[in-house]
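Take a look at the structure below.
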2 protein chains.
Amino acid sequence: VEIVSTGTELLLGQIVNTNASSLAKQLNELGMDVLFQSTVGDNRVRMAQVLTTALSRADIVITTGGLGPTQGDITKEVSADLLGLKLVLHEPSLQQIQAYFASRGLPMAASNRRQAMMPEGAIVIPNSRGTAPGVILVKGDKSIIHLPGPPYEMEGMFFQSVAPYLLTHFGNQGCIQSKVLRTYGIGESSLEEMIADFIHKQNNPTIALLARNSEIHVRITAKASSSEAASQLIADLEESLRQKIGQYIFGTDDETLEQVVGRQLSAAQLTIALAESCTGGLLSSRLTDIPGSSAYFRGSVVCYSNNSKVLAVGVPQGLINRHGAVSQEVAEAMATGIKDRMASEIGVGITGIAGPGGAVKDKPVGLVYIAIAGPSGIKSYKHQFTGPRSAIKHRSANAALNYVRQFILSKQGG
Amino acid sequence: VEIVSTGTELLLGQIVNTNASSLAKQLNELGMDVLFQSTVGDNRVRMAQVLTTALSRADIVITTGGLGPTQGDITKEVSADLLGLKLVLHEPSLQQIQAYFASRGLPMAASNRRQAMMPEGAIVIPNSRGTAPGVILVKGDKSIIHLPGPPYEMEGMFFQSVAPYLLTHFGNQGCIQSKVLRTYGIGESSLEEMIADFIHKQNNPTIALLARNSEIHVRITAKASSSEAASQLIADLEESLRQKIGQYIFGTDDETLEQVVGRQLSAAQLTIALAESCTGGLLSSRLTDIPGSSAYFRGSVVCYSNNSKVLAVGVPQGLINRHGAVSQEVAEAMATGIKDRMASEIGVGITGIAGPGGAVKDKPVGLVYIAIAGPSGIKSYKHQFTGPRSAIKHRSANAALNYVRQFILSKQGG
């Protein structure tokens with residue numbers, strides 16, 4: 001399959017092409033290989049050129065965009081030209097478009113009539129979510145499928161009509177499935193070295209590494225004749241990989257660190273409270289993104305000033321005077337202070353310099369101390385992060401979440 | 001220009017291709033025409049095929065991705081092959097990569113050495129934000145430019161090295177410029193009606209409306225022979241638009257509500273403190289995303305439990321008993337309480353039900369009260385937001401920011 005996205009707004013960078021990725025994901029789940037994606041503007045010559053190339057190297061070409069009522073919407077015309085087909089009025093489509101406007105009490109502009117013009121012999125795909133019908137054109141053993149640009153319309157049409165068409169006409173292409181193992185606390189190259197054997201002999205399933213924020217994702221992709229067989233291939237490799245790098249894997253697929261920590265806290269019936277300085281509330285916000293977090297999240301103090309560290313968290317002023325606000329001692333006092341004030345089992349203290357300003361002698365931008373206080377004991381960590389302010393905030397929050405995860409794991413293990 | 005995005009994860013639909021749109025936007029602002037975008041996986045044959053096509057129809061080919069240390073990273077090798085160039089070790093790059101690891105106190109994996117292998121004769125682009133250097137290859141009147149996949153690294157390199165290179169070697173290609181007027185507090189159709197005259201007669205500049213989170217963006221795009229002429233066209237239209245919808249415009253281009261509020265606070269030498277319940281620290285995090293926010297942001301309390309509202313913010317327990325935690329009275333007590341405790345000029349209280357659970361009789365999910373307390377007086381507002389948990393958090397934070405903005409404006413105006 002080749003996906004061809006049309007629209008000058010894409011070439012101008014005014015919108016991000018989410019259609020290409022959502023189509024690709026759906027097609028892969030049907031077991032179809034997407035080998036190329038192309039984007040071209042609303043220009044007849046270049047669009048014909050891109051479609052010709054696509055037809056030469058793919059069995060199925062799926063376009064998005066350019067089915068609207070305006071003069072810039074030319075996709076159907078270009079492909080009809082290319083295949084030597086005339087455009088003819090498709091009565092059922094015209095009636096459907098008229099009904100769409102009537103049901104909303106709106107007048108239909110004359111230009112909407114263009115949307116009912118179809119290449120002769122085309123299979124017309126109804127659009128239950130908008131005015132532009134889609135089109136399937138068959139030439140020899142190739143299919144060209146035109147879908148509208150608005151994602152909501154495109155996706156509806158794909159599920160309702162295109163997926164069934166593809167499965168019927170191109171049979172079962174087998175099944176491609178992926179699973180992502182999400183790791184934290186190890187670099188890409190080191191992780192690769194640890195599983196180098198598996199990477200070198202990879203075939204089916206394949207293994208790919210992907211760096212995402214502070215995480216490295218290990219993607220396992222299997223192809224098989226059935227969903228069950230693909231799942232089994234993935235499960236076998238996953239088990240082997242976990243024996244090598246299990247300690248770094250915190251979750252799978254779309255799971256986030258905050259989801260994992262939230263689940264741990266719920267399961268262990270523990271509550272948590274935070275004293276955040278350089279992360280400025282980010283960690284609280286991420287923890288409270290999880291539905292039901294009020295069961296374990298007691299609250300937090302964002303103590304940006306020394307004064308608020310003393311008054312709202314209970315850090316001794318003398319400690320700040322002796323060690324500075326960015327120090328292991330203050331991080332630990334923040335963790336125990338907030339734990340006591342919010343009456344939680346776990347307290348987290350984070351203090352650091354997010355930058356770009358604020359660096360002092362021996363304390364550069366990116367220096368962050370994180371402390372985790374529990375029912376019996378406290379642990380603290382020093383980090384030197386890099387990147388812009390927002391990255392330092394995110395990396396600090398990720399590190400803190402991972403320490404909380406390990407803290408709860410170790411308590412449960414012991 | 002043709003943009004070639006590489007990476008099997010794109011073909012699998014696992015990530016959305018934001019690099020293509022951000023590159024396209026930057027290139028258009030330099031006056032370069034982006035005519036095609038292509039995406040191909042980590043496959044030597046198909047990548048060579050796509051690069052060959054790109055070189056046949058574009059003067060400048062810019063790739064993203066595939067410069068990492070792993071076996072799947074093949075972009076440089078494929079293009080070196082295509083141009084008949086050998087890969088040779090580039091000492092300065094190796095030293096830079098070694099320094100990058102050393103500065104983080106991490107060991108360098110042997111595979112990172114691959115990132116310093118460059119096609120002979122290449123112009124090497126340093127990467128100040130990561131380990132993968134970029135490459136410019138010149139063949140005849142064509143340029144191939146390889147940039148890394150991580151957006152932060154790619155963007156840094158584009159601004160620092162690629163844009164200057166393109167301007168020097170390909171001169172001034174005319175100029176397309178855009179400016180976005182960001183509005184808050186009005187719907188898309190109402191805004192469209194207010195500026196219908198301008199939309200109907202648009203030509204150059206053009207006008208486009210775009211709904212983004214709770215904001216409506218009005219994008220003005222002008223084309224002219226020089227940057228100055230394009231700016232002038234935009235400035236003229238902007239002035240006319242501001243006369244119609246100026247009260248809703250809070251900023252332009254990439255300006256966020258939190259930046260605007262931060263600037264206002266700095267200018268008026270006011271400090272702020274927050275008591276957040278349903279927003280869970282999101283508003284604090286957004287305010288502290290702004291460099292220099294420690295000058296005006298005193299701190300905040302995320303008071304998720306009733307107990308923390310009483311103990312850490314000073315809300316009278318009786319008030320919660322009488323009106324419930326989600327009420328105008330409690331929002332106001334939170335705003336004045338946090339203002340007093342953090343000794344700030346402005347206090348903000350937000351209490352509501354982010355959902356999906358937590359609704360009670362007469363208090364549905366999405367009900368949010370926001371109060372702003374200032375040196376002389378307090379204002380409060382009731383909202384009924386819709387959407388999932390994260391949307392309710394974001395909409396509440398946006399509304400609160402806009403109220404703070406208006407609060408400061410009204411004080412300065414009076």
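Structure above, values below:
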{"read-out": "Filtered residues of the range B:384-414 (kept if within 21 Å of residue B:249 (Cα to Cα) and either outside any helix (DSSP H, G or I) or at pLDDT below 90 (or both))", "value": "B:410, B:411, B:412, B:413, B:414"}
{"read-out": "Helices (runs of 4 or more DSSP H) contained entirely in the range A:1-101, each with at least 3 residues that are within 12 Å of chain B (Cβ to nearest Cβ)", "value": "A:8-11, A:18-29, A:44-57"}
{"read-out": "Only listed residue being in contact (Cβ under 8 Å) with a residue 24 or more places away in the chain, on the phi < 0 side of the Ramachandran plot and not charged (D, E, K, R), chosen from A:380, A:376, A:410", "value": "A:380"}
{"read-out": "Lone qualifier among A:185, A:171 - being modelled with pLDDT of 85 or more and not aliphatic (A, V, I, L, M)", "value": "A:185"}
{"read-out": "Residue list for the range A:277-292, filter: among the β-branched types (Val, Ile, Thr) and more than 7 Å from chain B (Cβ to nearest Cβ)", "value": "A:279, A:290"}
{"read-out": "Residues that are acidic (Asp, Glu) and more than 33 Å from the chain's Cα centre (by Cα), drawn from the range A:325-347", "value": "A:329, A:332, A:340"}
{"read-out": "Any hit, the range B:61-72, residues being in contact with a Phe, Trp or Tyr (Cβ under 9 Å, 6 or more places away or on another chain), of a type outside the set (Val, Ile, Thr) and either modelled with pLDDT of 90 or more or more than 21 Å from residue B:7 (Cβ to Cβ) (or both)", "value": "no"}
{"read-out": "Any hit, the range B:27-42, residues being open to solvent by 30 Å² or more (accessible area, probe 1.4 Å), within 25 Å of residue A:194 (Cβ to Cβ) and at pLDDT below 95", "value": "yes"}
{"read-out": "Residue check, residue B:177 in contact (Cβ under 8 Å) with a residue 60 or more places away in the chain and polar (S, T, N, Q)", "value": "yes"}
{"read-out": "Of residues in the range A:239-285 being under 19 Å from the mean Cα position of the chain (by Cα) and part of a loop (DSSP other than H, G, I, E, B), the one nearest to residue A:313 (Cα to Cα)", "value": "A:256"}
{"read-out": "Single condition residue B:311 does not satisfy, out of (1) open to solvent by 40 Å² or more (accessible area, probe 1.4 Å); (2) of a type outside the set (Lys, Arg); (3) under 32 Å from the mean Cα position of the chain (by Cα)", "value": "(3)"}
{"read-out": "The lone exception for residue A:290 - which of (1) in a loop (DSSP other than H, G, I, E, B); (2) farther than 16 Å from residue B:354 by Cα; (3) among the β-branched types (Val, Ile, Thr) it fails", "value": "(2)"}
{"read-out": "Criterion: within 19 Å of residue A:281 (Cβ to Cβ) and among the β-branched types (Val, Ile, Thr) - qualifying residue of A:315, A:360, A:365", "value": "A:315"}
{"read-out": "Top-ranked residue in the range B:53-73 [being closer than 14 Å to residue B:145 by Cα and open to solvent by 10 Å² or more (accessible area, probe 1.4 Å); ranked as nearest to the chain's Cα centre (by Cα)]", "value": "B:66"}
{"read-out": "Test result for residue A:329, without any contact (Cβ under 8 Å) to a residue 24 or more places away in the chain and touching a Leu at 6+ places or on another chain (Cβ under 6 Å)", "value": "yes"}
{"read-out": "Leading residue by the ranking (nearest to the other protein chains (Cβ to nearest Cβ)) among those in the range A:357-399 that are of a type in the set (Lys, Arg), open to solvent by less than 50 Å² (accessible area, probe 1.4 Å) and under 27 Å from the mean Cα position of the chain (by Cα)", "value": "A:389"}
{"read-out": "Single unsatisfied condition, residue B:190 versus (1) at pLDDT 85 or above; (2) open to solvent by 30 Å² or more (accessible area, probe 1.4 Å)", "value": "(1)"}
{"read-out": "Residue, farthest from residue B:174 (Cα to Cα), within the range B:230-273, restricted to residues that are buried (at least 18 other Cβ atoms within 10 Å of the Cβ) and among the small types (Gly, Ala, Ser)", "value": "B:273"}
{"read-out": "Residue list for the range A:293-322, restricted to those being more than 7 Å from chain B (Cβ to nearest Cβ), in a loop (DSSP other than H, G, I, E, B) and under 24 Å from residue A:392 (Cα atoms)", "value": "A:315"}
{"read-out": "Test: residue in the range A:324-346 that is open to solvent by less than 10 Å² (accessible area, probe 1.4 Å), away from chain B (no Cβ under 14 Å) and in a strand (DSSP E or B)", "value": "yes"}
{"read-out": "Condition met for residue B:150 (open to solvent by 10 Å² or more (accessible area, probe 1.4 Å) and either under 20 Å from residue A:13 (Cα atoms) or at pLDDT below 85 (or both))", "value": "yes"}
{"read-out": "Subset of the range B:347-356 [at pLDDT 95 or above and within 11 Å of chain A (Cβ to nearest Cβ)]", "value": "B:353"}
{"read-out": "Extreme residue, least open to solvent (accessible area, probe 1.4 Å), among residues of the range A:124-144 that are over 17 Å from residue A:168 (Cβ atoms) and among the hydroxyl-bearing types (Ser, Thr, Tyr)", "value": "A:131"}
{"read-out": "Residue list for the range A:154-168, restricted to those being surrounded by fewer than 19 Cβ atoms within 10 Å (Cβ to Cβ), touching a Ser or Thr at 6+ places or on another chain (Cβ under 9 Å) and in contact (Cβ under 8 Å) with a residue 40 or more places away in the chain", "value": "A:155, A:165"}
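The values are calculated or read from the model by the stated rules, or taken from the named source; none is laboratory data. Fair warning: this is a prediction, and the values are worked out from it, not measured in the lab. Here the Cβ is made from the backbone with ideal geometry for all residues, glycine too, and neighbour counts use every protein chain on show. Surface areas here come from the heavy atoms of the whole protein model, side chains and all, with no ligands, DNA or RNA. Shrake-Rupley method; radii C 1.70, N 1.55, O 1.52, S 1.80 Å.
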